[in-house]
Protein chains: 2
Amino acid sequence: MLDGVLEAKERGEVKTSMSMAEIQVEVDAETEDNPTKVLICVNQSSIKGYPHPSLSSVDAFEWILKNLVKKSCRHLFKLCFLHVEVPDEDGFDDMDSIYASPDDFKNLKNREKIRGLHLLEFFIRRCHEIGVPCEGWIRKGDPKEQICHEVKKIHPDILIVGSRGLGPVQRIFVGTVSEYISKHADCPVLVIKRKVEDTPEDPVDD
Amino acid sequence: MLDGVLEAKERGEVKTSMSMAEIQVEVDAETEDNPTKVLICVNQSSIKGYPHPSLSSVDAFEWILKNLVKKSCRHLFKLCFLHVEVPDEDGFDDMDSIYASPDDFKNLKNREKIRGLHLLEFFIRRCHEIGVPCEGWIRKGDPKEQICHEVKKIHPDILIVGSRGLGPVQRIFVGTVSEYISKHADCPVLVIKRKVEDTPEDPVDD
């Protein structure tokens, strides 16, 4: 499956959709026609790297399933997962690689894509297991800009972002995507802070 | 009904609850035991005054019903309406009143209470009409502090606030409760901005 998706991404977009054939629920016609479109921004763990989702992404996802997209209402929602790949400017991850031909760089790009897709796969697989309609795709660039851009494009009913819940001092240096989005995205924004008990010793880790 | 509630408020708290006896839905046992507790902050209109709810409060309420608390899922949620009454320091509303005895001030206090209750009544009545479990109460003081305090006390699953969606210049002078709460409240916070088409000529009006 990943190969086909990679080709789709070459064309600028990756979308993987799933149907809800398994689920039989008595549905209100008015709401079934218009499922609530939930855009969820997910990123990789700053501790474990790709393809591991960050603590704040997983927290936000679990919160949604527990509190909004409940068992008997799953068909009334559509979860859209957006992962913004940040260009690896310092190339730290590739310090041990040797580049001898143009093909080596091509392989590198493919590797990046596969990482991002594995991250999405985590969420799409989980949704599929429990029968939540979903799709996911990847963008590359500055997360703040890309997320606001996608909101303008797909018009979600709600945008949900996890937040590391940094203190005021850390926030100055790290900056928070969630604060920016809350102000600038053209739709209601829900910020879900990481649970205190799940916060690593260094709260910058995620 | 209002009299009894007023007495309850004398004791420091007003809560009006409604049951869902009318509604018969097949319910998932796991989720029915734990309805999602939604705390919604509502305030009066800055144009029309009490007991008219502000545009941003009504927008937020309508958004919730359309996108989260859908027809077939209403029993899985509990809407808690909090209205924070801001002490009327300049007494502008009472410029035309004449005070001649201590009783006049007592009447004034009662009038304030009744206004706040009429505001809550708007939302509670609407929930009752469509069968959404709900309760509402009033606090007095600084909205930012009072809202964060109530979050600590009742542990909502989600806090929803409307926002006037002011521009950067207006924000400096007016300040926004929603921004403060997003940072400081101990639960996920959803900010629902006012729709552009509903914004009055002066966006400070609400």
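The values are calculated or read from the model by the stated rules, or taken from the named source; none is laboratory data. Treat the numbers as computed from the prediction; the structure is a model and nothing was measured. Positions of Cβ are backbone-derived with ideal geometry, glycine not excepted, and every protein chain shown enters the neighbour counts. In case anyone asks, the SASA skips ligands and DNA or RNA and just uses the protein heavy atoms, side chains included. Shrake-Rupley method; radii C 1.70, N 1.55, O 1.52, S 1.80 Å.
So, A:F81, is that one modelled with pLDDT of 75 or more and either open to solvent by 30 Å² or more (accessible area, probe 1.4 Å) or not in a helix (DSSP H, G or I) (or both) or not? Quick ask: steps written out before the conclusion?
On the way: modelled with pLDDT of 75 or more: yes; either open to solvent by 30 Å² or more (accessible area, probe 1.4 Å) or not in a helix (DSSP H, G or I) (or both): yes.
Here the answer is yes, as A:F81 does meet what is asked.
Yes or no: segment A:44-66 includes at least one residue that is in contact with an Asp or Glu (Cβ under 6 Å, 6 or more places away or on another chain) and within 14 Å of chain B (Cβ to nearest Cβ).
Checked segment A:44-66: at least one residue is in contact with an Asp or Glu (Cβ under 6 Å, 6 or more places away or on another chain) and within 14 Å of chain B (Cβ to nearest Cβ).
Are any of the residues in segment B:174-191 closer than 23 Å to A:V177 by Cβ, more than 13 Å from chain A (Cβ to nearest Cβ) and either outside any loop (DSSP other than H, G, I, E, B) or modelled with pLDDT of 90 or more (or both)? If you could, list the steps in order and put the result at the bottom.
Taking segment B:174-191 first, the residues closer than 23 Å to A:V177 by Cβ are B:176-191.
Then drop every residue that is not more than 13 Å from chain A (Cβ to nearest Cβ), which leaves B:177.
Checking which are either outside any loop (DSSP other than H, G, I, E, B) or modelled with pLDDT of 90 or more (or both) leaves us with B:177.
Taking every residue of segment B:174-191 in turn, at least one turns out to be closer than 23 Å to A:V177 by Cβ, more than 13 Å from chain A (Cβ to nearest Cβ) and either outside any loop (DSSP other than H, G, I, E, B) or modelled with pLDDT of 90 or more (or both).
When you look at A:L39, is it under 14 Å from B:I158 (Cβ atoms), more than 10 Å from chain B (Cβ to nearest Cβ), open to solvent by less than 40 Å² (accessible area, probe 1.4 Å) and touching a residue at least 40 places away in the same chain (Cβ under 8 Å), yes or no? Explain how you work it out, then say what you get.
Values: under 14 Å from B:I158 (Cβ atoms): no; more than 10 Å from chain B (Cβ to nearest Cβ): yes; open to solvent by less than 40 Å² (accessible area, probe 1.4 Å): yes; touching a residue at least 40 places away in the same chain (Cβ under 8 Å): yes.
So A:L39 fails the test.
Restricting to segment B:125-142, name every residue that is in contact with a Phe, Trp or Tyr (Cβ under 9 Å, 6 or more places away or on another chain) and open to solvent by 10 Å² or more (accessible area, probe 1.4 Å).
Once the filter is applied, which keeps residues that are in contact with a Phe, Trp or Tyr (Cβ under 9 Å, 6 or more places away or on another chain) and open to solvent by 10 Å² or more (accessible area, probe 1.4 Å), segment B:125-142 yields B:R126, B:P133, B:E135.
Mind checking which residues of segment A:48-62 are more than 13 Å from the chain's Cα centre (by Cα) and open to solvent by less than 30 Å² (accessible area, probe 1.4 Å)?
A:G49
For A:L108, indicate whether it is open to solvent by less than 40 Å² (accessible area, probe 1.4 Å), more than 12 Å from A:V132 (Cα to Cα), at pLDDT below 90 and aliphatic (A, V, I, L, M).
So A:L108 passes the test.
Would you list the strands (runs of 3 or more DSSP E) that sit entirely within segment B:1-78 and hold 2 or more residues that are under 24 Å from B:V189 (Cα atoms) and modelled with pLDDT of 50 or more?
Ranges flagged: B:36-42.
Which of the residues belonging to segment A:145-165 are more than 14 Å from chain B (Cβ to nearest Cβ) and open to solvent by less than 70 Å² (accessible area, probe 1.4 Å)? Spell out the reasoning first.
Restricting attention to segment A:145-165, the residues satisfying the condition of being more than 14 Å from chain B (Cβ to nearest Cβ) are A:145-147, A:149-150, A:153-154.
Matches in segment A:145-165: A:Q146, A:I147, A:E150, A:I154.
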